[in-house]
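Following: one structure in structure tokens, then a few remarks.
What follows is calculated from the coordinates using simple rules that are stated; it is not laboratory data. The structure presented is a predicted model; accordingly, all values stated were derived computationally and were not measured. Methodologically, a virtual Cβ is constructed for each residue, glycine included, from the backbone with ideal geometry; neighbour enumeration extends over all protein chains shown.
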Amino acid sequence: MTLNNENTRKLTGAIELLLESSSRINEAKPRRYWYPLSLATYGVEEIVEALDSLCSFRTTMWEKTLQFERQFAAYQGCSDSVMVNSGSSADLLLCFLLTNPYHPLLQTGDEILIPVVTWPTQIWSAMMAGLKVKFVDVDPKTLNIDIDDLEKKITPATKAIFLVHLMGNPCDMDRIMAIAKAHNLLIIEDCCEALGAEWDGVRVGNFGVAASYSFFFSHHMTTMEGGMIACSNPEVAEQLKILRAHGWVRNVDPTLYNLHNYDIDPRYAFVNWGFNVRPTDVQASFGLHQLQKLPHFNQRRVELANKFFAFIDTEPVLYRPQVSPKASPSWFALPILVATEAPFSRKEIVNYLELQGVETRPIVAGNIAKHPVANIFSAFLEDTYSGANIIHEQGFYIGLSPFHTDQDIDKLIKCLKSFLRRY
């Protein structure tokens, strides 16, 4: 079966009916959360595109992946982009790009600075690539890397900074770029929570060698699982494609590697080590349509977040991240911190919200140095991270979806007011 226009029309109609029926069934079921962390953002277009890949038997990485990569690079305003199977894999390839045996930018054992509040695979990726991780504290006022502590942590062994724009709030890239230039440091960026965010009119992810993005279900756009690396130049993209797929040259220009000197089949020529973190064309099928919807999704996220934060700004015992005048956040969620002088704890307000049907989470992992994994790696024990401790002990977030409504935010605010009236 192939999806010609007639088959597409029939499938579209059938899927619309199925989605409508499924929606009615789900609405009839009792739900624990009336305000969940995330809501589905895909529909008929993504499903039909995915079925097209399935019905044409082109499910592995194929033309749609390449098309999606090109469109993402155009959206991001970067040279190239390389799709992978998750945002964590994007972080992994970024770090192995730095210590790439074929063309290393850094040496094994070089020091890389990483904020201590982040998603853990950012940290594991650097460790696995042979880099020495040194943690930098995080400013609880912005949720981003503490730039004063960053400067203090730089030593002659420091060679790179691995930033994260937490919750979609851009880091102060003016100060960070000045520091990097003064100390000759490479920059890579984790933008998994910040797709579309800008610093002084430039999209985050365009400030360093390359940057990672995640397309997990709850993120700014989704391919279910999936990720992307935005690249500063075609040479970086080529090395990432080799690392992405076994170390072979199947998806790059093989003429650049003097294969005629070897008695090997060029289709199975290996020039480097590598992984298999390739995406599928089914994932790319979702991405092609989600990317078209992304500007509207992000606009709604900002509108809803601004409405919610306007309420938080009136409450002296709660606060939200500060935003620089040069920053245009692309909010991943609604982060909140409980003030130290509040007459209640973070645990009390979170428990109340959960009982009222509002789903919550800690701000990422909080201070990762407080997790059991810290007992394995000595790097976690080198500082106390006072700013990260505040986030760990007093911070949480509530979900944010472009499919949440203004009425949902009104009800959420009313719920919080009911809690605060107790005190």
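The calculated FRET efficiency for the pair ASN375 and ALA157, based on their C-beta separation and a Förster distance of 35 Å, comes to about 0.90.
Ranked by the mean number of other Cβ atoms within 10 Å per residue, highest first, peptides 34-46, 113-125, 283-295 order as 113-125, 283-295, 34-46. The phi torsions of the range 314-320, fed into the Karplus equation with coefficients 6.51, -1.76 and 1.60 and a -60° offset, translate into couplings of 8, 9, x, 9, 10, 8, 10 Hz, rounded to whole numbers, with Gly and Pro shown as x.
Taking amide H atoms as placed 1.01 Å from N in the peptide plane, the amide H of GLU225 has no partner under 5 Å among residues 5 or more positions away or on other chains. Backbone amide hydrogens, once placed in the peptide plane, bring HIS246 within less than 5 Å of PHE275, ASN276, VAL277, excluding anything fewer than 5 places away on its chain. Per residue, the chain reaches -12500 deg cm²/dmol at 222 nm when only DSSP H runs of four or more residues are counted, each adding -39500 (n - 2.57).
Scanning residues 5 or more positions from ALA327 or on other chains, those with amide H under 5 Å from its amide H are ASP200, with H placed 1.01 Å from N in the peptide plane. Applying the Karplus relation 6.51 cos²θ - 1.76 cosθ + 1.60 with θ = phi - 60° to the range 381-398 yields 3J(HN,Hα) values of 9, 7, 7, 9, 6, 5, x, 5, 5, 4, 4, 4, 8, 10, x, 7, 9, 10 Hz, where x marks Gly and Pro.
Between VAL323 and THR405, the simple label model (points 7 Å from Cα in the Cβ direction) yields a spacing of 2.5 nm.
Karplus-based coupling profile of the range 48-60, in residue order and whole Hz: 5, 4, 5, 5, 4, 5, 5, 6, 8, 6, 10, 9, 6, with θ = phi - 60° in 6.51 cos²θ - 1.76 cosθ + 1.60 and x standing for Gly or Pro. For the chain, the relative contact order works out to 21 percent when only alpha carbon pairs closer than 8 Å and six or more residues apart are counted. So if we plug the beta-carbon distance of ALA74 and ASP253 into 1/(1 + (r/R0)^6) with R0 = 25 Å, what FRET efficiency do we get, rounded to 0.05? For R0 = 25 Å, the calculated efficiency reads 0.70. Note on ALA40/LYS307: beta-carbon distance plugged into 1/(1 + (r/R0)^6) with R0 of 30 Å gives a FRET efficiency of 0.85.
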